[in-house]
Every structure is written in C-alpha cells, then in structure tokens.
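One structure is given below, encoded as structure tokens.
The values are calculated or read from the model by the stated rules, or taken from the named source; none is laboratory data. None of these values were measured; they are calculated from a predicted model. When we count neighbours, we look across all protein chains shown, and the Cβ atoms used for this are built from the backbone with ideal geometry, even at glycine. Side chains included, ligands, DNA and RNA excluded: accessible areas come from the protein's heavy atoms. Shrake-Rupley method; radii C 1.70, N 1.55, O 1.52, S 1.80 Å.
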Amino acid sequence: MSTEGDYFINKYYLIDKVIINKNEKFDFDIYAKNTIEERVSLVLCKNYKILKNRVDELIAYRYLYVHESEKKFYDKYFNGFMNQKVIPNDMDKFYEEVGLTIDKMFKDPESLANYSEVKNIVTNMVKIILDKKFMINSFISILASNYYTHTHSLNVSVYAICLGKHLGLKENDIQDLGISALLHDLGKSKIKVSILNKVGTLTEYEFNEMKKHPLLGWLLAKRLGITNRNILAGIRNHHEKMDGTGYPDRQKDEDIHLFAKIIGICDVFDALTTKRVYKDAVSTFETLIMMKKEMSQHLDPRIVDDFIKIFKEEKRRTA
C-alpha cells in the first residue's frame, strides 16, 4: 500500500456530504480532494457558516474529510443531524445518489475510497431504519422496480437492515450486516458482462462461472482490508442452502452464518419482486408465500417467518 494510502487511512476520515447545506456551521474543519493520489486541502474552516454559493462548490469535491483529531466532533454533529432528519425529504434523490456510489464500487471494487463511501451509506441507512418512525414502505415505494446489480445490492441491504432490526440485533451488528448485504454481490464485478446480462437460461459453463461470485466477492472484501468475520461470511455464504445444496461451501442449516441466511432471504425476495428482461416482477404477497411454502429446503423458515412479520406489523401500524 502506498504512503498516500496510509496517510488517507490513518489521518483523515471520509464524511457524508448530506451535512453540507446553506447556513450550516461546524466545530470541525473540512478537507477535500478529488483523487486518491492528491493530498487533502482545507476547504472549510470551523465555525464558518456555509454561504449559498459555497454549497455546490463543496459538494462538487469527490471526497470530503475530517481530521482524526476532530472526528468526535463530526460524529456528534452527524448523529444529531440524522436524528433530526430521520428520513430524507427527497427520497428519490437519496436513492439515486446511493445507487451511483454503489455503481462506482462495482466499477472499482478494490478502491478504499469507494469502500469508505459504502460504509457511510450504511451508517445513514441504519440511522434512518432504526428510528421508531421508520416504515419499510417509505423505502419500498422508491426502490428500483427493474433489476440491476448495484440497485439490487442496495435493496438487499435495506431489507437486511430491516430484518436485523426486527431480530433485535445490536446496532453495530446491524451496521456490519448492512455492509455485508451491500457488498454481497461484489464478486460479480469479476464475472463476464456477457454472462451477467444474458437473457435466458445460462449454459452449464456460464452457471458455474456465475457461482464463483460469492468466493470472488469474499476475496475482494479481504483485499479491501475487511477482517470482520460476520461481514465476510455474509458475502461468501449467502447462496448456501438449508439442505446443503448451495455454494460455495455446501453448508447446511446450523453451519450457515446468520448474516448469510438473512442476506440470502433478502436476495431472493428482491430478485423475485423486481422486473428483469426475461421476467415480470412478482408481487410482495406472492413472493412471501412462495418463499414460505416452496423454499423451506433452501431458506431458513424461522427467519422467513420473521421477514414476513415485518410486513404484517407495518400493515397493522397503518390500519
């Protein structure tokens, strides 16, 4: 790893541009740069109000940072900001921006900067979803109706965070689950586009190539410096099946990590409820019934029941 990479990791932390708004004022300095290679520059001094003409200028930078010595002030400000915001007013714009970030991650899956942005995305989504006023339909209404790898990954992450919340996981575990879900298909960045985008049934060779993506994703995650076993297990084993016929490790029920089971369920749900070139979308109700009645040998039926409860509970809340 280069000296500049170490400088980036050890001295500065990527921050979320969502805080850059007219008249905002921070008790920390903000630094910026547009490429990994260049050094950061101070672009906003602490206690200076952001004027209207500076908002676009600051957001235009590819990366914004806070120095490690002031990270605690940023964290405090960001948490307060998100608690007030709860759910973005312009959800479509939020979803679009997140989708673009994930698209960058798939185009350059070994970029530390892109991975840092992914972690910030998950932090935002966890804050939103853990709020007691959050309702899953507020996200479902804007989730992409057509299947693309990067939007699929975002959808799966949203569903996984909701399911982790329902299961009572701790916030830091939900954060890890969201990252794992967002990166679960990262290995597809190493699969031939002709296979990924093929309309119709894959040949045996093509399917075997496609089945390599969990292991490839796991290897890419390790190259990014991810050592968290829970995150890695979700990426590697989300295609394992309860009866041991999955891949890449042919694990059975009790051997399959909880993250992998959760992501596997959310993966199937989103794949069925989104439209593809060769198939129409299946309704939420029909998909849940199918998962419960026809996939008990593949998906953990206990966790499928918990996933169904999320929708039932929300229906009661809105009744």
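When the charge dipole of the range 172-319 is built from unit charges on Cβ atoms (+1 for Lys and Arg, -1 for Asp and Glu) and taken about the Cα centre, the candidate among LEU177, MET210, GLY244 whose Cα reaches farthest toward its positive end is MET210.
When only alpha carbons are used to place a centre, the range 163-216 and the range 221-255 end up 10 Å from one another. Sorting the segments 45-54, 152-161, 108-117, 238-247 by their mean number of nearby beta carbons within 10 angstrom, highest to lowest, gives 152-161, 238-247, 108-117, 45-54. With 32 Å as the limit on Cα-Cα distance, the pairs of LYS261/LYS312; LYS132/LYS211; LYS127/LYS188; LYS211/LYS275 that go past it are LYS132/LYS211. Taking Cβ atoms as reference points and 14 Å as the exclusive limit, the residues near ILE289 contribute a net charge of 0, counting Lys and Arg as +1 and Asp and Glu as -1. Per residue, the range 196-319 exposes 56 Å² of accessible surface when a 1.4 Å probe is rolled over the protein heavy atoms with every protein chain present. Amide H contacts under 5 Å for LEU64: ILE15, restricted to partners 5 or more places along the chain or on a different chain, H placed in the peptide plane at 1.01 Å from N. Peptides 170-181, 23-34 ranked from most to least packed give 170-181, 23-34, packing being the mean of other C-beta atoms within 10 angstrom over each peptide's residues. Counting only residues at least eight positions apart within a chain, or on another chain, the lysines with an alpha carbon under 17 Å from that of LYS49 are LYS17, LYS22, LYS25. All other residues whose Cβ lies under 15 angstrom from that of TYR74 are scored, Lys and Arg at +1 and Asp and Glu at -1, for a net of +2.
With θ taken as phi - 60° and the Karplus curve 6.51 cos²θ - 1.76 cosθ + 1.60 applied, the whole-hertz 3J(HN,Hα) list for the range 159-174 is 5, 5, 4, 4, 5, x, 4, 4, 6, x, 5, 5, 4, 5, 6, 5 Hz, x standing for glycine and proline. In the range 206-319, Cα pairs under 8 Å separated by at least six residues give a relative contact order of 19 percent.
Taking a Cβ cut-off of under 12 Å around VAL156, the surrounding Lys, Arg, Asp and Glu residues balance to a net charge of -3, with basic ones at +1 and acidic ones at -1.
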